[in-house]
Each structure stands twice: as structure tokens, then as C-alpha cells.
Amino acid sequence: MDARSFTPSERPPVRFVEGEEAAWAATRVREAHDFWHVLFACPTTVAGELALKALEFVQTGLPAAGAAVVGAGWRLDGPGRAWLVGTALPWAVRAGSRAADLVTLEYEKALAEDLEVVRARWRITPLRTGPPAAGRRKRAA
């Protein structure tokens, strides 16, 4: 977050949820998302974000996460889309199904622990194969 000059307080409040519990869960998912990038070794690229959104969909069933994967895949080039479908989506299903309930974990208590110890305890399977170097469509001139 420091490298990108970003703070969690800059995010707008959650919308389109009904009830206090649903709003809490949606807020917690957004708060935990940045931890997931580290835990699952997903790069902060379009392709990495889509891989993590697929895992989020498996874990939470939130329609917005699934829609993000389907709707933003066009931003990847051919090799990027092939990686998403052939590598990232199968990984997301396996890793998301195997991992502990990501919404309820106490990330703040694990910050000082060794990353591999935390991954083992929470049954985290990192994404070991990253997207192709390009991974994005070129913009029209």
C-alpha cells in the first residue's frame, strides 16, 4: 500500500447490500483482499486481480467477484486469457475450496508471523505460475 500511496480509508463505503451483517461481510472482504494478494501470491496486475477475484467468488459466492472475472477478461491479451482459463481458474477453485474461511480470519493477529506458517495453518495454496509477461491488450492508438 505504501508503494502505491494507497490507504484503506480511501475506499468508498460498500453499496448494494441489504442489512448490517451483509454490509459487515462485504466490508471485511474488501479489507482482507490486500492480505489475500500476499497470502496467495497473486500479483497486483489485471491478470492477478482476476485470479484473486475468482478465488474470492469460490470462497464467498459474491456475484460481484464472479462478474469481475467474466466482465474484465477482455482486458487480457490471448496468452493472458489462456492463462486465466487454463491455470488461474482451476487454481482458484482448488485453493478457494481448500482454504479456511477467509472472511473470518484474524489477519491482524498474524502480521508478525512467518508467512509460510500462516499459509499452512490456513490451508493457503499460493498461485505458483504467474500470468504471461504481457497479459494485457494493447490500447488502440
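Residue under question is Ala82, and the condition is that it be more than 16 Å from the chain's Cα centre (by Cα), in a loop (DSSP other than H, G, I, E, B), farther than 14 Å from Leu52 by Cβ and of a type in the set (A, V, I, L, M, F, W, C); does it hold?
No, not satisfied.
List every residue pair whose Cβ atoms lie under 6 Å apart, where the two residues are 6 or more positions apart in sequence or sit on different chains, the first residue falls within the stretch 72-85 and is farther than 15 Å from Pro43 by Cβ, and the second residue, located anywhere, is in a helix (DSSP H, G or I) and at pLDDT below 90.
Taking only residues 6 or more apart or on different chains, the pairs are Arg81/Gly73.
With touching an Asp or Glu at 6+ places or on another chain (Cβ under 9 Å) and closer than 25 Å to Ala22 by Cα as the only criterion, which of Leu62, Leu105, Leu50 stands out?
It is Leu62.
Only one of these conditions is not met by Leu102: (1) buried (at least 19 other Cβ atoms within 10 Å of the Cβ); (2) part of a helix (DSSP H, G or I); (3) of a type outside the set (S, T, N, Q). Which number is it?
(2)
Do you know which residues across the stretch 105-133 are surrounded by 14 or more Cβ atoms within 10 Å (Cβ to Cβ), assigned to a loop (DSSP other than H, G, I, E, B) and either β-branched (Val, Ile, Thr) or touching a Ser or Thr at 6+ places or on another chain (Cβ under 6 Å) (or both)?
Passing the criteria: Ile124, Thr125.
Just need a number here: residues in the stretch 50-71 that are of a type outside the set (Gly, Ala, Ser) and free of Cβ contacts under 8 Å to residues at least 12 places away in the same chain. I'd like the intermediate steps shown before the answer.
Our first condition is that a residue be of a type outside the set (Gly, Ala, Ser); within the stretch 50-71, this holds for 50, 52-53, 55-60, 62-63, 69-70.
Then drop every residue that is not free of Cβ contacts under 8 Å to residues at least 12 places away in the same chain, which leaves 63, 70.
Going through the stretch 50-71 one residue at a time, the tally reaches 2.
The values are calculated or read from the model by the stated rules, or taken from the named source; none is laboratory data. Everything numeric in this text was worked out from a predicted model, so none of it was measured. All Cβ positions, glycine included, derive from the backbone under ideal geometry; neighbour counts span all protein chains shown.
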